[in-house]
Structure formats: C-alpha cells, structure tokens
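S.K.: Below: one structure in structure tokens.
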Amino acid sequence: MSTPESVRVEPDDPSELVETTVEELAPLYRQMLAIRRLEEASAKAYSQGKIGGFLHLIIGQEAVCVGAIAALTPDDYVVATYREHGHAYAKGVPARPILAELYGKKTGLVKGLGGSMHLFDKEKNFLGGYGIVGGHVPIAAGAAFAAKYRGDGRVALCFFGEGASTIGGFAEGLALAALWKLPVVLICENNQYSMGTPTYRSLAVEDVSLRALAHGMARDRFDGDDVIKVKRRVAEAIERARTTGEPTLIEVVTYRFRGHSMSDPGLYRTKEEVEEWRRRDPLNRSRARLVELGMSEDDLTALEDDVKAEIEDAVKFADESPAADEYFPYVIKE
Ligand SMILES: Cc1ncc(C[n+]2csc(CCOP(=O)(O)OP(=O)(O)O)c2C)c(N)n1
C-alpha cells in the first residue's frame, strides 16, 4: 500500500504564511498564552515547594497541542504524556483544576491524587496523562478501536515525544492502528531531546514520520511554530481518520525552551541553540501575525490582561484549596 498523495514529508519554509483571520487566530493565541502563563506559574510554585514530584513543562511547544486540538470536536479523544498540562487545557480543562492537581489539592482535576503526570477528564474526553514513555500509544489505539466499533465517528489524537518512537508500545500501537484501520492520529512532538539525549544519539533514522512506511500508514512532517499551520495539517489527518478510518503518523518539529523537567537545568544545550529557537517563539509569531491582520494593541493588551487574571485566579484557587491527603482514605497517618 502506498501513502496518500496528499501527505507531505518535507519541512516547510518557516516564512510560509498560512491564510487565517483574527477571529480564528486570536482564540488560539489566547490559549497558547494561557498555557505559557500556567506553566510559568507552575514553575514558580514548584520552586516555592508547593508542587512535589516531577514537573515537565511544555514552554516553547504550545503551538503543537493548541493547533492540533483546535482541529478536533469536543467528542474526540486526546491521549498525552506526562508533559500534558497544555494538552488538557487545550481540550477544555480549566486552569483551576489543572493547577490544583499539580499542588495535590482536593479540588484538583483528579482530586489531587494523580499530580502533574496524571491529569484525566472523562467529560472533556481527555484520557490522560501517562508517565510510561510510549505506553499510552496502544491506549489511544484502543480508544480509536472503541470509536470504530461503536461507529460514532470519533477520532483519537495521541501525543508523544520522539523518544517514545523507540519504545515497544509505540510499535504495537502503530501496528494495530494500521492493521485495523483505526481512526487515530499519532502526533510526535519532536522537541529534539529525550531528557538530555539529542535525536542523533537515540534514533538511527531521525525522521520519525518514516516509521509509518513500515505499516503502510499515511505520514506528515512539518515544523510546529505556526499554530494555524499545525491546525490545518492535523485537520487533514483527522478528516482522513474520520472518513476512511485511516490512521496517520505526524511528526511536528518543535523545541522546549526549558529542561526536561524542573530538576534539569538543560546544560547539554548551548545558550546559542536555545536563543535561536526562542527567536522562533510560536507565541511571538502569532502575536505579530495578529497585528499584521489588524488586531489593535488595545485589543491584544485586553486579551493578555484577561489571561493574566485567569492564571492569577487559578494560583489563588490552588493556594487556598485543602490538601488531598485530608480525605484520602489510604494515607497512613502516624
Ligand atoms: C518506559 C519508560 N522509560 C523511561 C522513562 C523515563 N523517561 C521519562 S521522560 C523520558 C524521555 C522521553 O523523551 P521523549 O519521548 O522525546 O519526550 P519529551 O520528554 O521530550 O517530551 C524518559 C526516558 C519512562 N518514564 N518510561
């Protein structure tokens, strides 16, 4: 079987502009900004000792989850990794229960019992939050299998890093999705490092999208700075999944500005490399585009103030909420 003709595999010219409007882009810029401010607030709370365990931030990668999830309907599923606060927010989970969950508070999304890596919201069809690298790819295939079995037209989006493409669960998920023609879109967020290991040291073939060929699966590969481009390209794969049941493997080339987790200072990268990617910051790109499209500075400031207030409110809510262990029945009290 050959891959569909519509599938592109070359990274695009970063200066390419995809047509859009203020009405389409402004809400996506708002979501990306809210995710960034939420992540920054989490980092601050972590350094103040209010959040324990691991904390993996998505700062720099926001356009991938926001653009991709914007192409879904509320009934579709999202399955993600431990770097999933932004994915949950983009799927409609408010900032308050996300942050309260990170704090381990009773008001958290899963009552403070899961923490940063285990967000889950059945109502929003956000099916987690998984800490085992690549282990969630078969879970996404399973959700897509259920949709196909029920014939309800739903699609599952599964997000993972390029490091996950070397894991057994990834190969198993792909094999089943291709064999059974499951309506799943597999999105590799290639941020170029698995913890501190660069792709050239962990992948014999650095183009992750090529893994699709072994399964006769459609594939796509592009850079992830432009939220509208991400939305358009993922929408093509979603349409294919919804109408033909064909899965797609998409690789989006992106970059995380910070270390792997809060305990990683990221010393394996040069300052120049990080600076180079910061110049391509997806938020700045979208903001500049909104100005070009005619959005006024006053309107942009109002939007940004609104985001600031939303995240400040979430911090206050998390700070003031009661701790989960006050009611958790399995906590051993001395
Ligand atoms: C099966 C498994 N092996 C190892 C780990 C430890 N670990 C957590 S994140 C990570 C790196 C994964 O990198 P990648 O898939 O590229 O995603 P990213 O963190 O860059 O988003 C590793 C090795 C794990 N959680 N699960």
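Nothing in this text is a laboratory measurement; each read-out follows from the coordinates by a stated rule. The structure presented is a predicted model; accordingly, all values stated were derived computationally and were not measured. When we count neighbours, we look across all protein chains shown, and the Cβ atoms used for this are built from the backbone with ideal geometry, even at glycine.
S.K.: Cross-link partners among lysines for K229, C-alpha distance below 21 Å, same-chain residues fewer than 8 apart left out?
M.R.: K91
S.K.: Quick one: Cα centre-to-centre distance for region 258-272 and region 178-252, in angstrom?
M.R.: Region 258-272 and region 178-252 have Cα centres spaced 25 Å from each other.
S.K.: From the Cα gyration tensor of region 22-315, with a ≥ b ≥ c the square roots of its eigenvalues, which class applies: rounded if a/c is under 1.5, or else prolate if a/b is larger than b/c, or else oblate?
M.R.: Rounded, since a/c falls under 1.5.
S.K.: Let me ask another. In terms of Cα to Cα distance under 18 Å, which aspartates and glutamates are near enough to K124, apart from those fewer than 8 places away along the same chain?
M.R.: Within the straight-line limit of under 18 Å, K124 reaches these aspartates and glutamates: D75, D76, E84, E101, D152.
S.K.: Still on this structure: What's the local net charge at Y130, with K and R +1, D and E -1, over the other residues with C-beta under 12 Å away?
M.R.: Working: positive: R83; negative: E84.
Neighbour charge sum, excluding Y130 itself: 0.
S.K.: So for region 76-206, averaging the separation of alpha carbon pairs under 8 Å that are six or more residues apart and normalising by length, what relative contact order in percent results?
M.R.: Taking the mean separation of contacting Cα pairs over the length of region 76-206, I get 23 percent.
S.K.: Give me E310, E162 ranked fewest to most by other Cβ atoms within 10 Å of their Cβ, as a rough exposure proxy.
M.R.: Details: E310 17, E162 22.
Going from sparsest to densest Cβ surroundings: E310, E162.
S.K.: Another one. When the chain is fully extended, how far beyond the present Cα-Cα distance does T166 get from R278, taking 0.36 nm per residue of separation?
M.R.: Using 0.36 nm per residue and subtracting the Cα-Cα distance, I get 37.5 nm.
S.K.: Which shape class, rounded, prolate or oblate, goes with region 68-183 when its Cα gyration tensor gives a ≥ b ≥ c as root eigenvalues, a/c under 1.5 marks rounded, and past that a/b bigger than b/c marks prolate? Walk me through the numbers on the way to the answer.
M.R.: Details: a/c = 2.31, a/b = 1.46, b/c = 1.58.
Cα axes put region 68-183 in the oblate bin.
S.K.: Still on this structure, please answer the following. Please identify the DSSP H helices in the chain that span no less than 18 Å along the helix axis (Cα) and have a mean Kyte-Doolittle hydropathy of 0.0 or more.
M.R.: 137-150
S.K.: Please arrange S194, S261 by how many other C-beta atoms lie within 10 Å of their C-beta, fewest to most. Could you put the intermediate results ahead of the total?
M.R.: On the way: S194 20, S261 16.
Fewest-to-most Cβ neighbours within 10 Å comes out as S261, S194.
S.K.: Rounded, prolate or oblate for region 115-161? Axes are the square roots of the Cα gyration tensor eigenvalues, ordered a ≥ b ≥ c, and the cut-off for rounded is a/c under 1.5.
M.R.: On the way: a/c = 2.82, a/b = 1.57, b/c = 1.79.
The shape class here is oblate.
S.K.: Let me ask something else about it. Taking springs between alpha-carbon atoms closer than 10 angstrom, which of K122, K50, K308 fluctuates most in the Gaussian network model of the chain?
M.R.: It is K122.
S.K.: Still on this structure, I have one more. Students often forget the sequence filter, so: which lysines lie under 19 Å Cα-Cα from K44 once same-chain residues fewer than 8 apart are removed?
M.R.: By straight Cα distance, K44 reaches K105, K308, K316.
S.K.: Taking the beta-carbon count within 10 Å as an exposure proxy, list V66, V307, V18 from fewest neighbours to most.
M.R.: Fewest-to-most Cβ neighbours within 10 Å comes out as V18, V307, V66.
S.K.: Which stretch or stretches of region 21-37 have amide N atoms under 16 Å from the point lying 7 Å from D299's Cα along the Cα→Cβ direction?
M.R.: Output list for this probe position: 21-31.
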